[in-house]
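What follows is a single structure, written as structure tokens, with notes after it.
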Amino acid sequence: MTKRTNWTVTILMALGSLLILFPLYLTISIALKNPQELAQSALSLPLNFHWENFTRAIEATNFFNALKNSSVITFFTLVLTILTNSMVAYAIARNMHRKLFKTLYYYFVSALFIPFPIIMLPIVKQTSALGLNNPTGLILLYVVYGMAMNIFIYVGYIRSIPVELEEAAIVDGCSTWGVFWKIIFPLLTPIHATVGILTCLWAWNDFLLPLVILNDTADATLPLVQYVFQTEFGTDYNLAFASYLLAMAPMIIIYLFAQRWIIGGVVKGAIK
Amino acid sequence: MKNSQITIEKPPISSAHSVSKRKKKVNSRMIAFYLMVLPAALLFFVFHTFPALQGIYYSFTNWNGITLDYDFVGFKNYLNLFQDPAVIDSYVFTFKFAILAAVFINIISLAIALGLNAKIKGRNLFRAVYFLPNILSVLIVGFIFNYVFTNILPGLGEKYGIEFLTTNILGNANLAWIGILIVFIWQACAFNIILYLSGLQTVPTELYEASSLDGANNWNQFWKITFPVIAPFFTINMVLSMKNSLMVFDHIVAMTGGGPGYSTTSISLLIYNGGFSGGEFAFQSANAVIYFIVIMVISVFQLKVLQKREMDM
């Protein structure tokens with residue numbers, strides 16, 4: 001049975017996607033206009049490109065500093081998460097028949113049901129008492145809090161890897177560490193990708209944790225900077241939107257090139 | 001079970017020496033496994049479980065978060081919670097918001113996923129567009145929509161004489177929640193669409209062909225064939241979107257800051273505001289404990305009910 005293209009649905013989908021793209025069009029359009037042009041019409045295409053909005057936004061928000069903060073925090077969160085969480089999951093997955101490891105598994109995973117506000121007030125006191133109210137502390141918290149979800153994802157996958165591979169290596173005299181780093185870790189590449197994508201999206205876009213943990217404005221991440229400068233933007237919408245666009249641009253650019261991969265990773269993480 | 005891998009492997013000469021050597025090897029294997037998990041478990045306890053326990057502990061005190069000393073007050077905070085209008089309002093707002101959000105998100109996502117799964121042109125392009133909101137910062141999206149509601153829509157309303165658009169709904173205590181709901185749905189659908197779409201792709205196409213030969217219409221096909229197959233996705237999406245909407249925070253900070261008045265103050269925003277700047281550290285800790293119990297109960301209840309429905313189908 002050959003079916004023809006369903007044009008009604010195609011048109012409906014196209015109209016729907018305009019609803020998604022409209023706020024982005026608006027952001028680009030306002031970021032490129034000057035106040036007079038904006039006053040005339042917010043929706044019209046920008047005719048003269050006022051790039052100075054961007055240079056002003058970069059100066060006003062110290063954009064490159066925030067970009068560096070976000071990049072450093074996301075990068076170290078990503079690397080440490082993949083290295084440590086997969087290792088913990090491996091030890092748990094291969095010892096699920098032991099009470100201790102099984103208990104630990106449920107201990108980590110049950111944290112998925114614990115809403116952040118119950119931890120929020122005490123953790124702020126705790127991090128500042130320990131001198132961790134800075135990017136280092138933030139990275140540590142992302143790696144630790146991410147374990148709930150990541151261990152769930154990793155354990156499911158590791159248990160589907162046959163143990164025979166490891167047995168052979170053990171007979172050859174390979175230590176447990178060697179088995180993990182040389183055999184299991186490389187085999188986990190597809191699931192590293194999933195965990196990595198989810199972790200990056202979280203650490204890059206998160207607002208609440210940087211808001212409560214970071215003490216120094218110089219450490220502020222991109223979303224936090226938008227919040228901090230919101231009052232200063234006032235009614236200078238061109239400046240504000242140039243700043244929003246700059247803050248969203250890195251993720252949008254990566255998405256343009258890797259959307260298929262990112263969507264695939266997110267789906268795999270959710271279906272596990 | 002996994003231990004058998006070592007015992008099955010019979011050594012050539014079964015001397016006492018080699019047995020103890022093998023034991024040693026097993027032990028060093030287990031030591032390595034313990035070393036892999038224990039530091040993580042310790043950190044998790046220190047930075048996750050311990051603060052949660054501390055929160056519960058403080059909820060029985062009258063600490064304001066700043067002074068050095070405080071007293072135990074028993075269940076006083078808990079009793080006061082149920083008489084505090086700000087707390088009651090935040091629960092009413094959050095629940096109204098979360099129920100509507102979960103329902104709309106699932107209906108809209110499922111509809112769009114069905115559309116994307118139909119025979120259409122440019123499916124991959126549309127899929128990429130619909131998923132886009134998921135990669136954007138909630139806070140910045142909130143700021144952008146804030147402008148849409150305060151400037152763009154009233155402007156359009158005046159230009160074309162559409163009465164209900166002329167006022168900024170975010171400035172109206174009775175309507176501001178609708179603005180937040182719209183933005184929340186706009187962003188949350190992205191993830192759910194993709195999940196439903198991957199569910200729809202597991203529906204065997206032969207079933208459709210057979211049923212259309214039997215003369216079933218699209219509506220019947222959906223309820224008899226499609227929905228039963230994607231029911232597990234429906235369950236998960238309902239639970240997750242309900243849980244996420246109960247935790248709404250960023251959207252509100254970006255769009256209304258909880259106002260006008262306290263009309264859009266969600267539970268998490270109230271805990272944040274009251275706990276950090278309102279001198280209500282202990283009181284809001286009690287609020288957080290109740291909030292935790294509520295989320296737990298709802299998630300478990302939803303899973304039970306929806307799973308039962310799944311089995312009945």
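With the structure loaded, tell me whether B:PHE143 is more than 30 Å from A:ALA39 (Cβ to Cβ) and buried (at least 21 other Cβ atoms within 10 Å of the Cβ) or whether it fails that test.
Values: more than 30 Å from A:ALA39 (Cβ to Cβ): no; buried (at least 21 other Cβ atoms within 10 Å of the Cβ): yes.
Criteria not met by B:PHE143.
Restricting the first residue to the range A:121-136 and requiring it to be in contact (Cβ under 8 Å) with a residue 60 or more places away in the chain, which pairs with a second residue that is of a type outside the set (A, V, I, L, M, F, W, C) and outside any helix (DSSP H, G or I) meet a Cβ separation below 8 Å and a spacing of at least six or different chains?
A:VAL124/A:ASN133; A:THR127/A:ASN133; A:SER128/A:ASN215; A:ASN133/A:ASN215; A:ASN134/A:ASN215; A:ASN134/A:ASP216
Those residues that are surrounded by 11 or more Cβ atoms within 10 Å (Cβ to Cβ), closer than 23 Å to B:THR264 by Cα and not β-branched (Val, Ile, Thr), I need them from the range B:78-87; list them, please.
The first filter runs over the range B:78-87 and keeps only residues surrounded by 11 or more Cβ atoms within 10 Å (Cβ to Cβ), leaving B:78-81, B:84, B:86-87.
After this cut, where a residue has to be closer than 23 Å to B:THR264 by Cα as well, the list is B:78, B:80-81, B:84, B:86-87.
The answer is B:TYR78, B:ASN80, B:LEU81, B:ASP84, B:ALA86.
Sort through B:ILE180, B:ILE112, B:ILE194, B:ILE107 and tell me the only one that's surrounded by 20 or more Cβ atoms within 10 Å (Cβ to Cβ) and either without any contact (Cβ under 8 Å) to a residue 12 or more places away in the chain or more than 26 Å from A:TRP261 (Cβ to Cβ) (or both). Break it down into steps so the answer makes sense when it comes.
Numbers: B:ILE112 fails: either without any contact (Cβ under 8 Å) to a residue 12 or more places away in the chain or more than 26 Å from A:TRP261 (Cβ to Cβ) (or both); B:ILE194 fails: either without any contact (Cβ under 8 Å) to a residue 12 or more places away in the chain or more than 26 Å from A:TRP261 (Cβ to Cβ) (or both); B:ILE107 fails: surrounded by 20 or more Cβ atoms within 10 Å (Cβ to Cβ).
B:ILE180 is the lone residue from the list that is surrounded by 20 or more Cβ atoms within 10 Å (Cβ to Cβ) and either without any contact (Cβ under 8 Å) to a residue 12 or more places away in the chain or more than 26 Å from A:TRP261 (Cβ to Cβ) (or both).
Identify all residues within the range B:132-146 that are of a type outside the set (S, T, N, Q) and over 19 Å from A:LEU239 (Cα atoms); write none if there are none.
So in the range B:132-146, the residues of a type outside the set (S, T, N, Q) come out as B:132-133, B:135-136, B:138-145.
Across the range B:132-146, the qualifying residues are B:LEU132, B:PRO133, B:ILE135, B:LEU136, B:VAL138.
Has the range B:54-68 got any residue that is without any contact (Cβ under 8 Å) to a residue 12 or more places away in the chain and buried (at least 18 other Cβ atoms within 10 Å of the Cβ)?
Yes, that holds for at least one residue.
Is the range B:147-164 home to any residue that is within 21 Å of A:ILE30 (Cα to Cα), at pLDDT below 90 and away from chain A (no Cβ under 12 Å)?
Yes: the range B:147-164 contains one or more residues that are within 21 Å of A:ILE30 (Cα to Cα), at pLDDT below 90 and away from chain A (no Cβ under 12 Å).
Which of (1) crowded, with 19+ Cβ neighbours inside 10 Å; (2) out of contact with any helix residue (DSSP H, G or I) (no Cβ under 9 Å at 6 or more places or on another chain) is the odd one out, the single condition B:TYR160 does not satisfy?
Exception for B:TYR160: condition (1).
Working only within the range A:156-173, note down all residues that are within 16 Å of A:ALA91 (Cβ to Cβ) and either not assigned by TED's automatic domain parsing to the domain that holds A:ALA91 or not small (Gly, Ala, Ser) (or both).
The answer is A:TYR157, A:ILE158, A:ARG159, A:ILE161, A:VAL163, A:GLU166, A:ILE170.
Before we move on, is B:LYS224 farther than 30 Å from B:ASN117 by Cα, basic (Lys, Arg) and without any contact (Cβ under 8 Å) to a residue 40 or more places away in the chain?
Details: farther than 30 Å from B:ASN117 by Cα: no; basic (Lys, Arg): yes; without any contact (Cβ under 8 Å) to a residue 40 or more places away in the chain: yes.
Here the answer is no, as B:LYS224 does not meet what is asked.
Assess whether B:PHE301 counts as being farther than 20 Å from A:LEU224 by Cα, among the aromatic types (Phe, Trp, Tyr), away from every other protein chain (no Cβ under 11 Å) and assigned to a helix (DSSP H, G or I). Quick ask: steps written out before the conclusion?
On the way: farther than 20 Å from A:LEU224 by Cα: yes; among the aromatic types (Phe, Trp, Tyr): yes; away from every other protein chain (no Cβ under 11 Å): yes; assigned to a helix (DSSP H, G or I): yes.
For B:PHE301, the condition - farther than 20 Å from A:LEU224 by Cα, among the aromatic types (Phe, Trp, Tyr), away from every other protein chain (no Cβ under 11 Å) and assigned to a helix (DSSP H, G or I) - is met.
Can A:LEU80 be described as closer than 21 Å to B:MET36 by Cβ, in the same structural domain as A:VAL225 (by TED's automatic domain parsing), part of a helix (DSSP H, G or I) and modelled with pLDDT of 95 or more?
Values: closer than 21 Å to B:MET36 by Cβ: yes; in the same structural domain as A:VAL225 (by TED's automatic domain parsing): yes; part of a helix (DSSP H, G or I): yes; modelled with pLDDT of 95 or more: yes.
For A:LEU80, the condition - closer than 21 Å to B:MET36 by Cβ, in the same structural domain as A:VAL225 (by TED's automatic domain parsing), part of a helix (DSSP H, G or I) and modelled with pLDDT of 95 or more - is met.
Would you check which residues across the range A:220-249 are touching a residue at least 40 places away in the same chain (Cβ under 8 Å), among the hydroxyl-bearing types (Ser, Thr, Tyr) and in a loop (DSSP other than H, G, I, E, B) and list them?
Listed by number, the list holds a single entry, A:THR221.
I'd like to check something: does the range B:37-60 contain any residue that is farther than 15 Å from B:ASN287 by Cβ, at pLDDT below 90, not assigned by TED's automatic domain parsing to the domain that holds B:PHE281 and not basic (Lys, Arg)?
Looking for residues that are farther than 15 Å from B:ASN287 by Cβ, at pLDDT below 90, not assigned by TED's automatic domain parsing to the domain that holds B:PHE281 and not basic (Lys, Arg), one finds none in the range B:37-60, hence no.
Condition check: surrounded by fewer than 15 Cβ atoms within 10 Å (Cβ to Cβ) and closer than 22 Å to A:LEU141 by Cα. Does B:VAL37 satisfy that? Reasoning before the result, please.
Working: surrounded by fewer than 15 Cβ atoms within 10 Å (Cβ to Cβ): no; closer than 22 Å to A:LEU141 by Cα: yes.
No, not satisfied.
So, in the range A:54-77, of the ones that are of a type outside the set (Val, Ile, Thr) and surrounded by 24 or more Cβ atoms within 10 Å (Cβ to Cβ), which residue ends up farthest from the chain's Cα centre (by Cα)?
Initial filter on the range A:54-77 (of a type outside the set (Val, Ile, Thr)): A:54, A:56-57, A:59-60, A:62-71, A:75-76.
Keeping just the survivors that are surrounded by 24 or more Cβ atoms within 10 Å (Cβ to Cβ) gives A:57, A:66, A:70.
Details: A:ALA57: 24, A:ALA66: 16, A:SER70: 10 Å.
Among them, the one singled out is A:ALA57.
So B:ILE135 ticks every box in (1) touching a residue at least 60 places away in the same chain (Cβ under 8 Å); (2) buried (at least 19 other Cβ atoms within 10 Å of the Cβ); (3) closer than 29 Å to A:PHE113 by Cα but one. Which box is left unticked?
The one condition B:ILE135 does not meet is (1).
Among the candidates B:ILE290, B:ILE271, single out the residue that is within 10 Å of chain A (Cβ to nearest Cβ) and over 28 Å from B:VAL141 (Cα atoms). Don't jump to the end; show me each part of the working.
On the way: B:ILE271 fails: over 28 Å from B:VAL141 (Cα atoms).
Testing whether each residue is within 10 Å of chain A (Cβ to nearest Cβ) and over 28 Å from B:VAL141 (Cα atoms) leaves just B:ILE290.
Would you check which residues across the range A:1-17 are more than 9 Å from every other protein chain (Cβ to nearest Cβ) and either under 32 Å from the mean Cα position of the chain (by Cα) or aromatic (Phe, Trp, Tyr) (or both) and list them?
A:LEU15
State whether one or more residues within the range B:92-108 are outside any helix (DSSP H, G or I) and farther than 18 Å from B:ILE295 by Cβ.
Start the filter on the range B:92-108 by keeping residues that are outside any helix (DSSP H, G or I), which leaves none.
No, every residue in the range B:92-108 fails to be outside any helix (DSSP H, G or I) and farther than 18 Å from B:ILE295 by Cβ.
Conditions first: (1) among the hydrophobic types (A, V, I, L, M, F, W, C); (2) modelled with pLDDT of 90 or more; (3) over 30 Å from A:PRO210 (Cβ atoms). A:PHE64 passes all but one, so which condition is the exception?
Here A:PHE64 meets the rest and fails (3).
Might you let me know whether the range B:274-293 holds any residue that is under 24 Å from B:ILE107 (Cα atoms), among the aliphatic types (A, V, I, L, M) and out of contact with any Asp or Glu (no Cβ under 8 Å at 6 or more places or on another chain)? Give the steps one after another, and end with the answer.
First pass over the range B:274-293, keeping only residues under 24 Å from B:ILE107 (Cα atoms): none.
The answer is no, given that none of the residues of the range B:274-293 is under 24 Å from B:ILE107 (Cα atoms), among the aliphatic types (A, V, I, L, M) and out of contact with any Asp or Glu (no Cβ under 8 Å at 6 or more places or on another chain).
The values are calculated or read from the model by the stated rules, or taken from the named source; none is laboratory data. Remember, predicted model here, so these are calculated numbers, not experimental data. We place every Cβ from the backbone using ideal geometry, glycine too, and count neighbours over all the protein chains shown.
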